[in-house]
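Scroll down for the structure; my scribbles are underneath it.
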Amino acid sequence: MYKKLKRKWNKILFVLSEFVTNIFNLGKSSLDYELNSEHFKDIFDRSKKKVDSDKIVFGFWKELSENAKKENRPLYVLAPMADVTDVAFRHMLNKYGKPDVTWTEFVSANGLMSEGREHLKRDLEYKEEERPIVAQLFTSEEKNMEGAARLCTELGFDGIDINMGCPDKTIEKQGAGSKMITTPEIAKEVIMAAQRGAIRKNKITGEIEAVPVSVKTRIGWNKVEWQSWLPQILECNIPVLTVHLRTRKELSMVPAHYEYIDDIYNMVKSISPKTLLIINGDIKSLGHADELYSKYAFDGAMIGRAVFGKPWLFDKEKTLKENDYSLEEKLRIMIEHTKLFEEKLGDIKSFSIMKKHYKAYVNGFDGAKELRNKLFESKNAKEAENTVNNFLKSVDL
Ligand SMILES: Cc1cc2nc3c(=O)[nH]c(=O)nc-3n(C[C@H](O)[C@H](O)[C@H](O)COP(=O)(O)O)c2cc1C
């Protein structure tokens with residue numbers, strides 16, 4: 001009797017779970033899944049240890065990289081930076097010097113799949129002018145990665161990138177970020193989950209299209225181990241691999257290891273000939289990226305900290321000049337940035353985030369330290385603007 005009841009109960013549970021799954025899957029045609037699993041099946045030929053490049057999803061990367069090659073230059077891309085490359089700063093970058101590709105700051109896929117999703121979705125706000133734009137996600141949970149990749153794909157992102165390099169302890173505790181370097185099997189499952197999720201119906205043609213899924217990582221965890229680590233992720237048919245040329249242990253405390261670039265490039269191309277290699281670490285300007293390009297083999301240069309206080313960094317003409325903008329112009333740009341931050345994020349983010357930017361904008365001129373200190377005291381854009389106006393009145397420019 002008890003067994004019979006239990007069987008009945010299990011059956012009810014099964015029907016219920018099928019029902020709930022179907023509700024969540026509404027809008028996803030079975031075709032989506034067929035195309036995706038079919039597409040990524042057996043691209044990597046184990047006997048040859050090689051990827052069938054023609055089946056990799058490149059999306060927007062293809063034309064972009066071909067054009068950069070024709071111009072004999074690397075792709076210039078913006079690094080994802082938490083609490084820096086937010087919607088306000090991305091807008092400034094786009095206005096004053098557009099990178100070839102923009103990255104969002106990283107967003108928790110677990111969070112996007114939780115009830116707090118609406119709050120986190122604000123980090124994924126972008127403007128059409130920012131395209132092509134890539135959403136960066138992190139998690140070690142396959143299901144959440146699949147769901148978050150699907151969400152980002154539906155939000156219209158041109159690409160999805162997976163963070164496998166962040167050394168932050170709270171991220172590593174979740175098994176994500178650079179911790180993935182120590183768990184390649186999980187890393188591979190997470191990449192494949194993102195590929196399953198990164199599928200949508202083209203709004204114009206109605207056709208099913210896959211969105212490219214890339215990975216950003218480091219050359220190792222506690223030691224240099226790219227020789228064994230990178231092949232594992234290259235097996236997963238990724239169109240783009242970004243390598244921050246330091247180990248997790250090195251954080252950003254030592255100079256980036258440019259000496260590995262050529263060997264990494266050769267290895268990438270021998271396993272997955274069409275995968276693009278983007279290098280990252282200590283690149284100061286587009287001129288610096290070009291200089292590296294003339295010395296080493298790679299496809300793209302990712303620039304991070306050098307954009308602090310310089311939203312015009314990706315404008316080659318401006319940055320080639322000694323004095324790109326006058327001091328007054330720079331301070332006005334800083335205030336424009338501050339106002340945008342307040343407008344877009346003032347309700348959810350602390351105004352103190354702007355201090356990081358002030359440190360970089362207000363530098364290298366007489367009275368910079370005093371102005372910076374006053375700006376640090378401001379609690380909103382109006383106060384910051386008054387401080388700048390008073391400063392400009394007080395100096396002879
Ligand atoms: C404030 C800050 C936030 C960062 N946030 C992220 C992030 O969200 N995702 C990521 O992949 N890397 C992140 N990084 C690392 C950068 O993308 C980049 O790999 C690193 O800064 C090295 O490049 P750079 O020398 O050009 O700055 C962050 C770095 C900084 C300084």
- Would it be correct to say that ARG218 is of a type in the set (Lys, Arg), more than 16 Å from the chain's Cα centre (by Cα), in the same structural domain as ARG150 (by TED's automatic domain parsing) and surrounded by 21 or more Cβ atoms within 10 Å (Cβ to Cβ)? no
ask   = Do we find a residue being touching a residue at least 60 places away in the same chain (Cβ under 8 Å) and closer than 27 Å to PRO99 by Cα anywhere in the stretch 221-232?
value = no
Counting only residues that are in a helix (DSSP H, G or I), of a type in the set (D, E, K, R) and over 30 Å from the mean Cα position of the chain (by Cα), the stretch 352-371 contains a total of 2
Residue pairs qualifying under the 7 Å Cβ cut-off, at least six apart or on distinct chains, with the first in the stretch 265-282 being within 14 Å of ILE238 (Cα to Cα) and the second being polar (S, T, N, Q), are VAL268/THR275; SER272/SER53; PRO273/SER53; LYS274/SER53; LEU276/SER65; ILE278/THR242
When restricted to ALA360, ALA368, ALA381, the only residue in contact with an Asp or Glu (Cβ under 7 Å, 6 or more places away or on another chain) and not aromatic (Phe, Trp, Tyr) is ALA381
Q) Given the structure, is GLY156 under 16 Å from the mean Cα position of the chain (by Cα) and either closer than 17 Å to LYS223 by Cα or not in a strand (DSSP E or B) (or both)? A) yes
**Study point:** Test for VAL254: is it under 14 Å from SER65 (Cβ atoms) and among the aliphatic types (A, V, I, L, M)
**Key:** no
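Yes/no per residue for (1) of a type outside the set (Phe, Trp, Tyr); (2) touching an Asp or Glu at 6+ places or on another chain (Cβ under 9 Å); (3) modelled with pLDDT of 95 or more:
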| site | (1), (2), (3) |
| --- | --- |
| LYS318 | yes, yes, no |
| LYS321 | yes, no, no |
| TYR325 | no, no, no |
| GLU328 | yes, no, yes |
| ILE335 | yes, yes, yes |
| PHE341 | no, yes, yes |
| MET354 | yes, yes, yes |
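The values are calculated or read from the model by the stated rules, or taken from the named source; none is laboratory data. What you see is a predicted model; the values in this text were computed from it and never measured. As a convention, Cβ positions derive from the backbone with ideal geometry for all residues, glycine included, and neighbour counts pool all protein chains shown.
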